[in-house]
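Any read-out appearing in this document is the output of simple, stated calculations on the displayed coordinates, not a laboratory observation. What you see is a predicted model, and the numbers here were worked out from it, not measured in a lab. In this analysis, Cβ positions are derived from the backbone assuming ideal geometry, glycine residues included, and neighbour counts consider all displayed protein chains.
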Amino acid sequence: MTSARTSGLETRTPDPQAVSTVVWGTFDKGKPRVRILLKGLSEAGYPVIEQHSSPWDGIEDKSQIQGFFNKGRIALSWLSRYPWLLCRYCFAPKHSVVLLPYLSHLDVLMIWPLAKLRGAMIVWDVFVPLYTGVVEDRRLVSEGSLSARLIYALEWLSTRAADLLFLDTTAHAEYFARLYGLPEASVGSVMVGVEPEYFRPLSRPKPITKNNDEPLLNVLFYGQFIPLHGVDIILEAARRSQDRRIHWTIIGNGQSASKWKKELAQNPIENLNWLEWVKYDALIQHIDTADLCLGIFGNTQKAEIVVPNKVYQMLASGKPVITRRSRAMEELAADQELNLILVEANDPEGLVEAIQGFAAQAGPGNPEQAKPEPDDVSKSLIANKFGPLAVANQYSRMLGDFLARSRKYSELD
């Protein structure tokens, strides 16, 4: 183990080979968060035994599951997987850690008794808390309602079953710890990261054109239409920029999409192209042809504390990104090598001005346009900062810090 002294404690990063890990449950491999974390653990050398069965194949936005029959079918499919998973776990080789990737609120309760009987530590990637997402951000149920209280109770109980929990940013981890009255030492953070095999610079940045027959800038947003993303701010900015040679492409669907379809049918925006869905490889091409990409602009608590996957994807693709100012984004923007532009929340005119400001700086003859070749950017940015191994290294440091505070190193020796 490597060691360092932090806040009066000796923090030792465990040797991955000493941390035998069972990755268990019904987690959703359709989420980049899960794929990146598992690949990173493999690259870092963690001995991993995977026991997995998921009902989520092909379901991207779970909030869009409609109808009693469909919800019941998913619930039955979900519950039916546990007898087999629990049986498999009983016969798993000796291990130190049970890791529960997202989505695993029920998994942690199911595995809790058996993991304790086997003396294994439960590490839970909360990633998207139910209460924060369903009640506070998406507002699918009213705060204070019976449904909201049940969601809180389930999540509260799940937090008590895990030894160590983690989310995607320090700000998110601290908020979650306060929400559920957890010791800060038991809640850590591991960034989402990026899949470098998909998201990397494909072509050299193009000069900003002065030809009046072409758009000054091609701006791209993609994501689910949830309050976190602030699609209303983006659409209003597009509407206000119709005479400013800015072309907007929006890719996505979700919670508020039907509302905006009606709005745009009645009041079209000439410089806007909306695609409801594209394949993964087509999305990568859209990022490559964009001059500028957009992050999140929602004015919610969640928007203040998260850095979504797409921000890492865009930065890793070598694109400048404009997103709302928040504590979580300011942590990321502290890295001066990243082309991250922050604007105030709930300010469509500020977004338009930031786009025009970028165009002025990146215009013809500006030395800022002279950038390294894509391969150099890709190697430095993706591999060292956001790749799976970097994610696994954060996980290792978090695990080492927790074990130092809880004095459980002997379990991993």
Between E353 and N267, Cβ-based FRET efficiency (R0 22 Å, step 0.05) works out to 0.45
Any chymotrypsin sites (Phe, Trp or Tyr not before Pro) in the range 76-113 that lie in a DSSP loop and have at most 12 other Cβ atoms within 10 Å would be F91
When E337, E155 are arranged by how many other beta-carbons sit within 10 Å of their Cβ, fewest first, they go E337, E155
HN-Hα couplings for the range 268-281 via Karplus (6.51, -1.76, 1.60; θ = phi - 60°), in whole Hz with x for Gly/Pro, come out as x, 10, 5, 9, 10, 10, 10, 10, 6, 7, 9, 5, 4, 5
Rounded to one decimal in nm, the spacing of the 7 Å Cα→Cβ label points at D15 and R178 is 4.1 nm
Mean Cβ-within-10 Å packing, highest first, puts peptides 305-316, 234-245, 273-284, 250-261 in the order 305-316, 234-245, 250-261, 273-284
Flagged as over-length at 32 Å C-alpha distance, from K94/K310; K29/K302; K39/K116; K261/K385; K39/K261; K259/K385, the pairs are K94/K310; K261/K385; K39/K261; K259/K385
Residue-ordered couplings for the range 36-47, obtained by feeding phi - 60° into the Karplus form 6.51 cos²θ - 1.76 cosθ + 1.60 and rounding to whole Hz (Gly and Pro as x), are 5, 4, 5, 5, x, 4, 5, 5, 7, x, 5, x
